[in-house]
1. Filter the range 19-36 for residues that are surrounded by 17 or more Cβ atoms within 10 Å (Cβ to Cβ), within 18 Å of the chain's Cα centre (by Cα) and without any contact (Cβ under 8 Å) to a residue 60 or more places away in the chain and give the result.
2. Among the residues of the range 301-318, is any assigned to a helix (DSSP H, G or I), without any contact (Cβ under 8 Å) to a residue 24 or more places away in the chain and under 20 Å from THR405 (Cα atoms)?
3. Could you tell me whether any residue of the range 277-287 is crowded, with 17+ Cβ neighbours inside 10 Å and more than 18 Å from GLY152 (Cα to Cα)?
4. With respect to LEU61, is the statement that it is out of contact with any Asp or Glu (no Cβ under 7 Å at 6 or more places or on another chain), buried (at least 18 other Cβ atoms within 10 Å of the Cβ) and either in the same structural domain as PRO135 (by TED's automatic domain parsing) or outside any helix (DSSP H, G or I) (or both) true?
5. Could you tell me how many of the residues in the range 289-298 are surrounded by fewer than 24 Cβ atoms within 10 Å (Cβ to Cβ) and closer than 14 Å to MET406 by Cα?
6. Mind checking which residues of the range 65-76 are out of contact with any Pro (no Cβ under 8 Å at 6 or more places or on another chain) and either assigned to a helix (DSSP H, G or I) or modelled with pLDDT of 95 or more (or both)?
Amino acid sequence: MKLNYKRTILIGLSFMSILAFWQFYDQVIPYLLEYKFGLTTFGTNLVMSIDNVLAIFMLPLFGAISDKTSSSLGKRTPYILFGTLAAVVMLMLLSIFVQNDNFSGFLITLVALLVVMAIYRTPAVAYMPDVTEKPLRSKGNAVINLVGYLGGIFATVVMMFLLRSQKNEAGESVYAADQSFAPVFLIIAAFMLVSVLVMVFSLRENRLPHVIDETEAPTGTGQKMPREVFRSLVLILLSVFLWYAAYNAVTTAFSRYCGSVWGVDLGTSSSYLLTATVAAIAAFVPLGFAASKLGRKKTVLAGIVLMVVCYTIAIFIRQETPLMYLIFGLVGIGWAAINVNSYPMVVEMSSGSDVGKYTGFYYTFSMAAQITTPLLSGFLIDRLGFGYNVLFPYAVVFSALSFVTMLMVRHGDSKPPKKQLLENFED
């Protein structure tokens, strides 16, 4: 049993287009809201939280709907294809509204765009486990993540070369006001469209051998999940919430931490976070192979331990030091170990007919953490007066709690038979 790498890479193209969009969205849209249309920081943050709120309800809903879809294009492809087409059209409309300073049109189209992205995100992620045998899903998820991150890198490079930055009166680094954002909108939209069209025309979903594993899965169509399996599902979803709460707190507040605690600028903080991203990208595939030998649960637990150790060391670093590059590199590896293996563990508890629904559950808990943790960490930092010194202790506590809940998970792992270990080395 070997992973079909070509097929997995092609499936990953839809995820690549999605991550390219979100990288662009997270970097450009807040600037446009605040500096182009004059929203307050609170107003900008409120608009930027819409996608997370939508995701909580829509990701499991459309995952379940796609599970039951039957069409000539398959059950995931229609959502991916037509969702991407709609998103591309809306990106072009957003560009026009930016050029014409039409805030009402911009905001309405942006909300519609976020709805569309929420509709097809879960089907895009569920496509891989649909056609990948259970023992190979960690490897498959590693490949999907690697391909996906390339989309984020592409969007970052495009923005680096096409958008000029300057210092404003407050000394903040902002995009130059006299430039057009239209080329960036156009390139991101074209990249998304081409990526998905290549996937759709290279793969015929209905012709692919889908995994039919009702007899092996803990649940089957119309059957109630056994109590012990449900307990594991709840525990791993709680773990997802906890480690996302820890990691998201660090990534969203680290630039302000650097300024407050270390007294360094935004560029320095970005370089540390970039180190974590690069390390994660490099580690995705090796950690997929490691899970095939060690098991998913052990690999995830090792990743959590690594991150707890790194966060703990960071608490005692009171000034900028090159050691932080090593720490964030290890954080990236730990995060990759968690990401590559946790999602396959969730869908392992599903049957062949409800992978999309369980994919939605996974993303609901991760999105819930990303909504909750800025509020909770902000309350500790501002309202209770702990300041940014509380950031890494906060990450340690939530990561340690995720270790405890993950330790109690008893289902979702998948180790290959001993005879397959030689095949892993051949790969």
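1. Scanning the range 19-36 gives a single hit, TYR25.
2. The answer is yes, given that some residue of the range 301-318 is assigned to a helix (DSSP H, G or I), without any contact (Cβ under 8 Å) to a residue 24 or more places away in the chain and under 20 Å from THR405 (Cα atoms).
3. yes
4. Numbers: out of contact with any Asp or Glu (no Cβ under 7 Å at 6 or more places or on another chain): yes; buried (at least 18 other Cβ atoms within 10 Å of the Cβ): no; either in the same structural domain as PRO135 (by TED's automatic domain parsing) or outside any helix (DSSP H, G or I) (or both): yes.
Against the criterion (out of contact with any Asp or Glu (no Cβ under 7 Å at 6 or more places or on another chain), buried (at least 18 other Cβ atoms within 10 Å of the Cβ) and either in the same structural domain as PRO135 (by TED's automatic domain parsing) or outside any helix (DSSP H, G or I) (or both)), LEU61 does not qualify.
5. So the count comes out to 3.
6. Of the range 65-76, the ones out of contact with any Pro (no Cβ under 8 Å at 6 or more places or on another chain) are 65, 67-68, 70, 72-74.
Once the filter is applied, which keeps residues that are out of contact with any Pro (no Cβ under 8 Å at 6 or more places or on another chain) and either assigned to a helix (DSSP H, G or I) or modelled with pLDDT of 95 or more (or both), the range 65-76 yields ILE65, ASP67.
The values are calculated or read from the model by the stated rules, or taken from the named source; none is laboratory data. These figures come from a predicted structure and were not determined experimentally. Note: ideal-geometry Cβ built from the backbone for every residue, glycine included; neighbour counts use all protein chains shown.
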